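Data first, discussion second: the structure below is written as structure tokens.
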Amino acid sequence: PDCCEGRGYELRRRVTEKSEFTGKKDLTMWTLTVDPKLFKSPAHAYEYIREKRCVSRWVARLFKAGHLNSRHYFCAVEWQENTEMVHFHIVLEAAFIPFQAGCDAWGKFRPSEAPPYSGEGPEFGSCQFSSGARASGDAGYFLNYCTKYIIKRPAYGFPDWVLDSQKNIPRYSCSRGFWGTKSISK
């Protein structure tokens, strides 16, 4: 809580100036949530997502389906005020990703111990798609938007389970090679 602003602005500078997304035009952003009914607690949901590597595997599925220009992504973590559940803001390199393809790929992470999917509501969590950077031609738009969740301290504070955790809970993640090593692209 005490260093998010200073470190956040430095991270924003690095992401916009020295990452694989620097100068790219085809960026999109997705927000992925998790259905709180599927887990006994927000901490359990977070651990499940980390252990199963849901975000990176979601990106890999979209890449394999031909929807992404590269496997590179940048992801910021945020917590929902009412449920304390984690959700993710993810910037991807793609001109267009079919909405249903993103939702279907995210739905594949429904825990096996969860009740069978009834076809109502999201299978694992909801998805929201934004395409403003492509429309505006400003690749920095999504990177600035995404990193604001790292810079700002939530108005309601961090959830107690996050502050009390004995494990490191990263506020962001990114793909291998995101910081400029050899690009993995089509």
* Exactly which trypsin sites (Lys or Arg not before Pro) in segment 13-106 are in a DSSP loop and have at most 10 other Cβ atoms within 10 Å? -> Lys40
* Residue-normalised accessible area of the chain, expressed per residue, 1.4 Å probe, Å² -> 53
* Asked: Roughly how big is the chain's charge dipole about its Cα centre, with Cβ charges of +1 (Lys, Arg) and -1 (Asp, Glu), in debye to the nearest 20?
  -> 820
* At most 14 other Cβ atoms within 10 Å and a DSSP loop assignment: could you name the GluC sites (Glu not before Pro) in segment 47-137 that fit? => Glu81, Glu113, Glu120
* Where the only charges are on Cβ atoms (+1 Lys, Arg; -1 Asp, Glu), what is the dipole of segment 1-50 about its Cα centre, to the nearest 20 debye? -> 100
* Asked: If you take the charge dipole of the chain about its Cα centre, with +1 on Lys and Arg Cβ and -1 on Asp and Glu Cβ, which of Gly66, Asn144, Val86 is farthest toward its positive end?
  -> Gly66
* When only C-alpha pairs under 8 Å and at least 6 residues apart count, what is the relative contact order of the chain, in percent? -> 37
* Among the lysines, which fall within straight-line cross-link reach of Lys148, defined as a Cα-Cα distance under 25 Å, with same-chain neighbours fewer than 8 residues apart omitted? -> Lys18, Lys24, Lys25, Lys167
* Could you look at segment 48-131 and say what percent of its accessible area is carbon and sulfur, using a 1.4 Å probe and all protein chains? => 46
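The values are calculated or read from the model by the stated rules, or taken from the named source; none is laboratory data. Just so it is clear, the model here is predicted, and its values are computed rather than measured. Positions of Cβ are backbone-derived with ideal geometry, glycine not excepted, and every protein chain shown enters the neighbour counts. Note: areas computed on protein heavy atoms with side chains; ligands, DNA, RNA excluded. Shrake-Rupley method; radii C 1.70, N 1.55, O 1.52, S 1.80 Å.
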